[in-house]
Each structure stands twice: as C-alpha cells, then as structure tokens.
Amino acid sequence: MTDLDALIRWFENLSPETLDEMTDHYADDAEFKDPFNEVRGIQAIRHIFGHMFTQVAEPRFVVGSRFSGSDGVMLLWEFHFRTRGPLPPRAMTARGATHLRFAADGKVTLHRDYWDAAEELYAKLPLLGPLMRGLQRIARA
C-alpha cells in the first residue's frame, strides 16, 4: 500500500540531503519522464532530481491537489525556485501535474510530469520571454 502522504511530504521537503530517501519511495526500475528527460532506474531519476539543485536556487514543490484512480495518482503542484546565472536572481513559479503509478509494494514505478515548458519557464525568462510570447500570439492567430 502506498503511503501517499509520506511521498508528498518527501516531494515538498526535497533537498540534496533527502535525495537518498528516494529508495524508500521509488522502485529500482522506475520510469521518469518530463519535458526534458526520459530515464529508467532509480539512479538516473536521482541524478535528474540532484541536477535540479545545481540549475536553480531554493527549489521547492508544493502539492495542491491529488486525484486517485485505477491508473494511479495525479498530483497538481507548483514548483517555486530562484533563477541562477549571469542575470540577477529572480523568483519564479511553474505549475504542473505528475502522474504516478505504483508497484504492489507501494513504490513508484512511473513518474510522469506534465507541464508546459514554453509557458511556465521560457516565456518568463528575460531574454527568451518576449520571443516566446510572440510565438504564442502567432500560434493563437
């Protein structure tokens, strides 16, 4: 049986120090897919989560809603972070959803993130933002 509350607490308190706890929640051969990655295996997933801490500052997930069904669980979340790089740091929020499937022992076998990288990330960046918003206007026309 899945302890969804414990898994959500782990997501919401994720840090470099808690990455090793992934083995408590994910099956060894779990699959992960998001707009930038598609990997299999707990070490590959751990690498993606760990890489997040080098790419952005102060990353934090907040799970707002959850929906359960016969095909697993959907979590609606906000990802809060601060940008890094040559420009001054900027607080940002991306919104998305995660589809989770579980093994009989309650561990995650599928973690699939759904979020719009163009709208939630690129359109908010200082240099790419105007270009992305212009492309979105053209696409809507």
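The values are calculated or read from the model by the stated rules, or taken from the named source; none is laboratory data. Because the structure is a prediction, the values reported are computed rather than measured. Neighbour counts are summed over all protein chains in view; Cβ atoms, including those assigned to glycine, are modelled from backbone coordinates with ideal geometry.
Quick one: in the range 69-97, which of the residues that are without any contact (Cβ under 8 Å) to a residue 12 or more places away in the chain and of a type in the set (Gly, Ala, Ser) is surrounded by the fewest Cβ atoms within 10 Å (Cβ to Cβ)? Residue satisfying both the conditions and the ranking: Ser70. All conditions in (1) modelled with pLDDT of 80 or more; (2) surrounded by 15 or more Cβ atoms within 10 Å (Cβ to Cβ); (3) in contact with a helix residue (DSSP H, G or I) (Cβ under 8 Å, 6 or more places away or on another chain) hold for Phe102, with the sole exception of (3).
Phe36 meets each of the listed conditions (1) loosely packed, with under 14 Cβ neighbours inside 10 Å; (2) under 19 Å from Phe67 (Cα atoms); (3) at pLDDT below 95 apart from (2). I'd like to know if the range 50-60 contains one or more residues that are within 25 Å of Ala103 (Cα to Cα), crowded, with 16+ Cβ neighbours inside 10 Å and either modelled with pLDDT of 95 or more or out of contact with any Asp or Glu (no Cβ under 8 Å at 6 or more places or on another chain) (or both). Looking through the range 50-60, none of the residues is within 25 Å of Ala103 (Cα to Cα), crowded, with 16+ Cβ neighbours inside 10 Å and either modelled with pLDDT of 95 or more or out of contact with any Asp or Glu (no Cβ under 8 Å at 6 or more places or on another chain) (or both). Of all residues in the range 48-67, how many are small (Gly, Ala, Ser) and either closer than 15 Å to Ser15 by Cβ or touching a residue at least 24 places away in the same chain (Cβ under 8 Å) (or both)? Counting residues in the range 48-67 that are small (Gly, Ala, Ser) and either closer than 15 Å to Ser15 by Cβ or touching a residue at least 24 places away in the same chain (Cβ under 8 Å) (or both) gives 2.
Evaluate the following for Phe11: is it in contact (Cβ under 8 Å) with a residue 40 or more places away in the chain and crowded, with 17+ Cβ neighbours inside 10 Å? When the stated conditions are applied, Phe11 passes them.
Is one or more of the residues making up the range 29-40 free of Cβ contacts under 8 Å to residues at least 60 places away in the same chain, on the phi < 0 side of the Ramachandran plot and part of a helix (DSSP H, G or I)? The answer is no, given that none of the residues of the range 29-40 is free of Cβ contacts under 8 Å to residues at least 60 places away in the same chain, on the phi < 0 side of the Ramachandran plot and part of a helix (DSSP H, G or I).
Considering Leu19, Leu14, Leu76, the condition of being part of a loop (DSSP other than H, G, I, E, B) and at pLDDT 95 or above is satisfied by Leu14 alone.
Results for (1) within 13 Å of the chain's Cα centre (by Cα); (2) among the acidic types (Asp, Glu), shown as yes or no for each residue.
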{"site": "Leu19", "(1), (2)": "no, no"}
{"site": "Met22", "(1), (2)": "no, no"}
{"site": "His25", "(1), (2)": "no, no"}
{"site": "Gln43", "(1), (2)": "no, no"}
{"site": "Glu58", "(1), (2)": "no, yes"}
{"site": "Val63", "(1), (2)": "yes, no"}
{"site": "Ser70", "(1), (2)": "no, no"}
{"site": "Arg82", "(1), (2)": "no, no"}
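Picking from Arg46, Arg66, which residue would you name as being in a strand (DSSP E or B), surrounded by 12 or more Cβ atoms within 10 Å (Cβ to Cβ) and not aliphatic (A, V, I, L, M)? The unique qualifying residue is Arg66.
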